[in-house]
Amino acid sequence: MKTILQQVNMRQTGYCSQNMQQTRENMQQISGGQTNIQRSGSSHANLLVTAGEICTASNLVVSYINQDTSFLRGDIRDFCRERNLEESLFFALLRQLDMERAQFEKRLEEFSEGQKRRIKMLERIENVNEQVIEKMFLLYAESMADMEREFKDRDEMEASYAAFLKEFIENPKQMVFVETAEKQWVCGLRAVESEPGKWFLEAVETMPGHRNRGYGKKLIRHVTEFLKGIGAKKIDCIIGKSNLSSIKMHSDCGFKETKEPPVNCWGELEEGRILFRLEI
């Protein structure tokens with residue numbers, strides 16, 4: 001498992017180049033489907049795969065829950081500042097998870113293990129850099145693939161998307177949110193205030209490998225809770241009539257189908273779709 005997670009590699013073993021060459025030769029052999037692992041000491045850094053093959057898809061993204069919370073130290077407000085988290089939103093989400101307000105005055109190392117694992121979920125994108133663009137392309141891989149044919153090449157598409165995202169988040173009435181699971185963005189959406197108190201959710205998407213795990217519902221609930229906190233009275237979204245999974249997800253989060261024309265936040269009519277609304 002640690003090899004699949006890329007926590008075990010030849011550099012970690014400390015072997016000399018001659019032994020590394022032998023390891024490469026061993027790795028090319030398949031021994032009846034078995035993978036032999038040598039251990040020296042108690043640390044996983046000393047593990048070495050000596051036989052067998054591990055084949056993974058080129059676009060594979062591995063997510064797992066790290067039980068180590070020893071890195072959580074200091075004031076929770078400092079934690080928010082270091083990670084560019086919206087403090088009020090962060091605290092609101094923790095309250096939804098039944099964390100008492102008094103807990104916010106404690107240092108992180110005083111939290112229980114269960115409380116420590118709750119403190120990283122929703123992020124608001126407020127800066128655009130190469131890392132953000134790379135992660136957004138992973139998150140919206142399917143949508144990006146559909147768009148690519150409209151550009152000369154992928155580099156042009158990335159540059160265009162980076163410019164769009166930067167301009168989008170510079171407007172205080174436009175926000176981008178992502179749900180995080182163990183430092184990985186698993187789903188995201190854009191929120192636009194089309195008029196005072198009325199917000200519109202668009203580009204709601206979950207990475208294929210993370211679907212049917214409840215991340216989309218968490219994201220929508222966390223974002224709607226945040227928007228309520230800043231004065232939202234209505235939250236709309238438009239969903240395709242045949243997109244039954246999205247309809248169910250939004251319905252489970254309190255959105256109701258309307259009979260109004262499916263006009264998006266940009267004033268465009270989207271034929272063949274349905275306008276859903278959450279009244280606050």
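Throughout, read-outs are computed from the coordinates displayed, never taken from laboratory work. Computed from a predicted model, the values in this text were never measured in an experiment. Cβ coordinates were reconstructed from backbone atoms using ideal geometry, including for glycine residues, and neighbour counts include every protein chain displayed.
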Original post:
In the structure shown, do any of Lys166/Lys233; Lys152/Lys228; Lys166/Lys228; Lys135/Lys248 have a Cα-Cα gap over 30 Å, and if so which?
Top reply: Lys152/Lys228
Original post:
What FRET efficiency, computed as 1/(1 + (r/R0)^6) with R0 = 25 Å and r the Cβ-Cβ distance, is obtained for Arg154 and Leu269, rounded to the nearest 0.05?
Top reply: 0.20
**OP:** Restrict the search to region 163-216; then list the GluC sites (Glu not before Pro) that DSSP places in a loop and that have at most 16 other Cβ atoms within 10 Å of their Cβ.
**Re:** Glu182
Original post:
Lys198 to Ala57: extension gain in nm, 0.36 nm per residue of separation minus the Cα-Cα distance?
Top reply: 46.5 nm
**OP:** Mind giving me the FRET efficiency for Lys256 and Ser112? R0 is 30 Å, r the Cβ-Cβ distance, nearest 0.05 is fine.
**Re:** 0.20
Original post:
Can you list the aspartates and glutamates whose alpha carbon sits under 12 Å from that of Lys256, skipping same-chain ones fewer than 8 residues off?
Top reply: Asp236, Glu279
Original post:
Within region 233-280, which trypsin sites (Lys or Arg not before Pro) sit in a loop by DSSP and count at most 16 neighbouring Cβ atoms inside 10 Å?
Top reply: Lys233, Lys241, Lys259
